[in-house]
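Just so it is clear, none of the values below were taken in a lab; they were calculated from the coordinates. Owing to the predicted nature of the structure, the values given are computational and were not obtained by experimental measurement. As a convention, Cβ positions derive from the backbone with ideal geometry for all residues, glycine included, and neighbour counts pool all protein chains shown.
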Amino acid sequence: MTKDIKLTLRTLKINSLKIVVKTLHGLEEVLMKEVELLGGQNIKKRKRAVECEGKLPFLYEANLNLRTALRILVPVYEFTARNETELYDQVKSFDWSQFLDVRQTFAIDNTIFSEYFTHSKYTALKMKDAIADQFREKFDLRPSIDVEKPDILFNLHAYQDKFTISLDSSGRLLNQRGYREPGHQAPLNEVMAAGLLQLAGWNKNIPLVDPMCGTGTIIIEAVLMGLNIPPQINQKEFGFKNWNNFQPMMWNRIRAEAQGKIRSAPLMISGGDIDGHAVALAKGALKKLRMGRDVQIRQVAFEDFIPKFQTGMIITNPPYGERIGEDVDNLYKKLGDSFKNNFSGFDAWILSSNVQALKQLHLKPSEKMALFNGALQVQFCKYNLQEGAYLEEE
Ligand SMILES: C[S@@+](CC[C@H](N)C(=O)[O-])C[C@H]1O[C@@H](n2cnc3c(N)ncnc32)[C@H](O)[C@@H]1O
């Protein structure tokens, strides 16, 4: 039996912590760069995650600033178990009252890849029972479960017989930025949009256009990036705020410092969409960020979109053709024509799952990256729209 990590409350306060930052498939390297820039140590690439080390201030900074992070976990207990009894005993032997007060609520997220434990919900239930029984035996009381909004969110990870229990310092998904207006059918994940901008190498000095911007996720993430606005600046709820080692003064200082680094406009960012409702949602989100006047979003078909700049970058996420009756082949053909006629001198990046439709652009990609948009495998393709990039008519 190995016990690699056994964090105590004291360790959590002063020592360098092992931190696991979860992300989307394909964004690991972008996230590694973000973690490095923020001062993370000993950075390692993992599957859909990045592992690093840092102290408590780094953990707060990471939650506030990392654009491609989905959740930030702090492993507190590692053990091995091959059956339910072993799992129950191992969990019960650890002192959970260091992290959880009997009056607090808790919940358990789980990721189980194990031939020994094939029912992930049941495995998490065993962990919950062990924690509850430990409290009952010690205090005659037990903390309650709240799956919607727990005070303390644990993460149970198993690979075969190796278990790691972590505290979820975010407490919710970090793609929730607080600017999203509900109501559109296919908005892009905010973490994906931030990742696309970084994969494409966009920076605030490059004019950016999303001619099918929908609710404006790519544009809004570009605004946040361009102005150095932390993605979580308007969010108040984080898991670490309910930990009994929470340092409000440290957190307020970190927020104030980040606020002080926010730049002011101008930005060269614009968007369009044929759907008036989506455009209204995008404008509403920009207004929330007080950027309503600095970024132009219009209701316009991409065929009629004329950019203000001679060069720049297009990053867009066109329809994939999953809706019945959608003629995407024709749409992509027209998109290729519009690139040729109106955007020569730009670099265009397109995210799509529809390989067949992408061919209708009649453009030769200079780069291709494989990503996942939810469960859907997608390609992120780059096209240089200078002369010579166009394929000969067949
Ligand atoms: C997959 S959605 C984009 C979602 C967007 N990235 C977001 O985060 O909300 C594709 C968008 O293309 C728009 N669209 C379809 N045909 C268009 C056209 N001819 N001109 C402009 N926009 C178009 C749709 O209205 C839709 O909002």
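Which entries of Lys204/Lys340; Lys22/Lys241; Lys44/Lys162; Lys92/Lys241; Lys333/Lys368; Lys340/Lys382 show an alpha-carbon separation above 22 angstrom in the structure shown?
Violating the 22 Å limit, Cα to Cα: Lys204/Lys340; Lys92/Lys241.
Put a dot 7 Å past each Cα toward the Cβ at Gln41 and Asp275; how far apart are the dots in nm?
Between Asp275 and Gln41, the label points sit 4.8 nm apart.
Once the cut-off is 21 Å, how many percent of the Cα-Cα pairs in region 272-394 end up in the long-distance tail?
45 percent
Over the chain, what is the mean sequence separation of C-alpha contacts under 8 Å (at least six apart), divided by residue count, expressed as relative contact order in percent?
14 percent
Please tell me the relative contact order of region 277-362 in percent, rounded to the nearest whole number, where contacts are Cα pairs under 8 Å and at least six residues apart.
Across region 277-362, relative contact order equals 33 percent.
For region 363-385 and region 125-168, what is the separation of their Cα centres, given in Å?
Answer, in whole Å: 41.
Which semi-axes, in whole Å and largest first, does the equivalent ellipsoid of region 39-118 have when worked out from the alpha carbon gyration tensor as the square roots of 5 times its eigenvalues?
27, 19, 12
Using alpha-carbon positions, what is the distance between the centroids of region 209-250 and region 58-111, in Å?
Value for the Cα centre distance between the two parts: 24 Å.
For Ile14, project a label point 7 Å along Cα to C-beta. Then give me every residue of region 212-256 with its amide nitrogen under 17 Å of that point.
Zone members listed by number: 245-247.
Work out the charge dipole of region 9-168 with +1 on the Cβ of Lys and Arg and -1 on the Cβ of Asp and Glu about the Cα centre, then indicate which of Ser144, Gln98, Tyr122 is farthest towards its positive end.
It is Gln98.
Within the chain, what percent of beta bridges assigned by DSSP are antiparallel, to the nearest 5?
65 percent
Take Ser97 and Arg298, extend 7 Å from each Cα along the Cα→Cβ direction, and tell me the distance between the two endpoints in nm.
The modelled label-to-label distance comes out at 6.7 nm.
Can you figure out the FRET efficiency of Ser120 with Ile233, using R₀ = 41 Å and their beta-carbon distance, to the nearest 0.05?
With R0 = 41 Å, the Cβ-Cβ based efficiency is 0.75.
Quick check for you: which residues of region 54-76 have the amide N under 19 Å from the point 7 Å beyond the Cα of Met249 toward its beta carbon?
Taking a point 7 Å out along Cα→Cβ of Met249, the residues of region 54-76 whose backbone N falls under 19 Å are 56-61.
In percent, how large is the relative contact order of region 1-156, given Cα pairs closer than 8 Å and 6 or more residues apart?
23 percent
Enter the mean projected area of the convex hull around the alpha-carbon atoms of the chain, in nm², rounded to one decimal.
Projected over every direction and averaged, the Cα hull of the chain covers 21.2 nm².
Relative to the longest principal Cα axis of the chain, at what angle does helix 276-288 sit, 0 to 90 degrees, rounded to 10?
Taking Cα atoms only, the helix is inclined about 60 degrees.
So what is the orientation-averaged projected area of region 9-168, using the convex hull of its C-alpha atoms, in nm²?
Answer in nm², one decimal: 9.4.
Rg and Dmax of region 214-256 over Cα atoms: what are they, in angstrom?
In Å, with Rg to one decimal and Dmax whole: 13.8, 42.
Which value results for Rg/Rh of region 152-239 when Rg is the Cα radius of gyration and Rh the Kirkwood radius based on the inverse mean 1/r?
Here the Rg-to-Rh quotient is 1.08.
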